[in-house]
Amino acid sequence: MRIASLLPSATEIVHALGLQDQLVGVTFECDHPGDPRLGRAVLVGGLDTHGLSSAEIDALVKRKAAAGENLYELDETAFRAAEPDLVLTQDLCRVCALPSAEVDDALARLGCRATVVTLDPHRLEDILDGVLAVGAAAGAEARAASVVAGLRARLGAVTTAVAARRRPATFVLEWPDPPFLAGHWVPDLVTAAGGDPVLARAGQRSVETTFEAVAAARPEVVVVASCGFDLDGSAEHAAAVLDRLPAGAAVWAVDANAVMVRPGPRVVDGVEVLAALLHGGTPDAALARLVRAGSVQPG
C-alpha cells in the first residue's frame, strides 16, 4: 500500500505502526521521527513564517482566512506522481493542516481513487482511536492494537502515580500574542497528568483569551506550548510574556510539536512530561524547560 500523509501527526502514526516503508508522500512540516521528508515527495506546502513575531503570524493567518485564501497548498503534480492508495488527512483546523474538503476536490480533479481517512480528534481518546483507524485502513490492525495497548499502559502508570496527589491549577497557553488557551485534547493531557486544567474545556476549540482572564483563574502552573513551535520557540514566547503571566505561578515551556499540539502517539510523552513538572519530578530537559519557579505546593 502506498500511503500519503497530509499532516505531521499522521506521519508519526504511520511510523509508530512500522509502515514507513509504505509512506510515499508527506508535508513540509513532517519532521519526526528523523526527517520523513528525505527520499519522499513533499505533497503539501504552507506559509513561510520565518522571522515573524507571534503577533505578525496571527495577523497573517487572520488576513488570509478573512480573504478566503488557503494556508496550505497541495502539490497536485507531486500527488499524482506519488499514486497513493491511502491518504491521511484532517478537517479539524485550517491553521494546522490542509482541510479534507480540499483533498477530496483534488482527488476528483485527478481521478484518484485512493481511500481517504480523515483524522479529527477532539479528545485524548480520539487520538488513540485515530491510531486504530489508520491501522485498519492500512491492514495493520494487530500492530495498531499493540501500539494503543502500550500507550494505554503508560497512561495507566501515570494515573496510578498521581492518584493520591493534589491537583495543581494549570493553564496551558497555546499562543502568546494574542493569548490563546489550549483546547481540544490538551485539557485531557493535564487531567491525565494529575493537574486541574483552568479556563479551557476538554473537547472544545482553542480560543483567544486575555491575560487578565488568565490572572483571574489563578493558575499555580502555566505551561507555554506554542502551536507549531519546538522547545526553544515556546521558551522564547514564554519569556516575552512572562511579565503578563500571574506572578506566583511556575512557568514552564514545552516542545509543543513533540508532546502536545500534534495529535499522535507522542501526546502520551506529553502526559508524562506534565506529570513530572506538576508533581516534583524531573521532566526530560529536551522537552520541557523551567522559565520561572513558582509556589506550587507539593502533595
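The values are calculated or read from the model by the stated rules, or taken from the named source; none is laboratory data. These figures come from a predicted structure and were not determined experimentally. As a convention, Cβ positions derive from the backbone with ideal geometry for all residues, glycine included, and neighbour counts pool all protein chains shown.
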Condition check for residue 199: without any contact (Cβ under 8 Å) to a residue 60 or more places away in the chain, in the same structural domain as residue 278 (by TED's automatic domain parsing) and under 24 Å from residue 295 (Cα atoms): yes
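Sort through 231, 242 and tell me the only one that's surrounded by fewer than 18 Cβ atoms within 10 Å (Cβ to Cβ) and either farther than 25 Å from residue 165 by Cα or in contact with a Pro (Cβ under 6 Å, 6 or more places away or on another chain) (or both). Break it down into steps so the answer makes sense when it comes.
Numbers: 231 fails: surrounded by fewer than 18 Cβ atoms within 10 Å (Cβ to Cβ).
Unique residue meeting the criteria: 242.
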Filtering region 202-233 for residues that are of a type in the set (Gly, Ala, Ser), within 21 Å of residue 247 (Cβ to Cβ) and without any contact (Cβ under 8 Å) to a residue 40 or more places away in the chain leaves a count of 3
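For residue 167, state whether it is surrounded by fewer than 19 Cβ atoms within 10 Å (Cβ to Cβ) and either in the same structural domain as residue 211 (by TED's automatic domain parsing) or touching a strand residue (DSSP E or B) at 6+ places or on another chain (Cβ under 8 Å) (or both). Explain how you work it out, then say what you get.
Values: surrounded by fewer than 19 Cβ atoms within 10 Å (Cβ to Cβ): yes; either in the same structural domain as residue 211 (by TED's automatic domain parsing) or touching a strand residue (DSSP E or B) at 6+ places or on another chain (Cβ under 8 Å) (or both): yes.
Criteria met by residue 167.
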Suppose the filter is crowded, with 17+ Cβ neighbours inside 10 Å, closer than 23 Å to residue 149 by Cα and among the β-branched types (Val, Ile, Thr); does residue 14 pass it?
yes
Residues of region 241-299 being charged (D, E, K, R) and over 24 Å from residue 7 (Cβ atoms), in sequence order, are 243, 244, 284, 289, 292
The residue that is surrounded by the most Cβ atoms within 10 Å (Cβ to Cβ), considering only those in region 285-299 that are at pLDDT 95 or above and not β-branched (Val, Ile, Thr), is 288
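Residue-by-condition table, conditions (1) of a type outside the set (Ser, Thr, Tyr); (2) modelled with pLDDT of 95 or more; (3) in contact with a strand residue (DSSP E or B) (Cβ under 7 Å, 6 or more places away or on another chain):
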| residue | (1), (2), (3) |
| --- | --- |
| 217 | yes, yes, yes |
| 221 | yes, yes, yes |
| 225 | yes, yes, yes |
| 229 | yes, no, no |
| 235 | yes, yes, yes |
| 244 | yes, yes, no |
| 247 | yes, no, no |
| 252 | yes, yes, yes |
| 256 | yes, yes, no |
Among residues of region 17-50 being in contact (Cβ under 8 Å) with a residue 60 or more places away in the chain and farther than 21 Å from residue 233 by Cβ, the residue surrounded by the fewest Cβ atoms within 10 Å (Cβ to Cβ) is 18
task: May I ask you to verify whether residue 247 is part of a loop (DSSP other than H, G, I, E, B) and over 15 Å from the mean Cα position of the chain (by Cα)?
output: yes
| message | Checking the structure you have, find out if any residue of region 202-221 is within 24 Å of residue 151 (Cα to Cα), in contact with a Ser or Thr (Cβ under 9 Å, 6 or more places away or on another chain) and surrounded by 15 or more Cβ atoms within 10 Å (Cβ to Cβ). | response | yes
Yes or no: residue 162 in contact with a strand residue (DSSP E or B) (Cβ under 9 Å, 6 or more places away or on another chain) and either within 23 Å of residue 255 (Cα to Cα) or surrounded by 14 or more Cβ atoms within 10 Å (Cβ to Cβ) (or both)? no
| task | For residue 132, indicate whether it is surrounded by fewer than 14 Cβ atoms within 10 Å (Cβ to Cβ), farther than 22 Å from residue 182 by Cα and at pLDDT 90 or above. | result | no
**OP:** Output yes when any residue across region 167-185 is of a type outside the set (S, T, N, Q), closer than 28 Å to residue 231 by Cα, out of contact with any Leu (no Cβ under 6 Å at 6 or more places or on another chain) and part of a helix (DSSP H, G or I), and no when none is.
**Re:** no
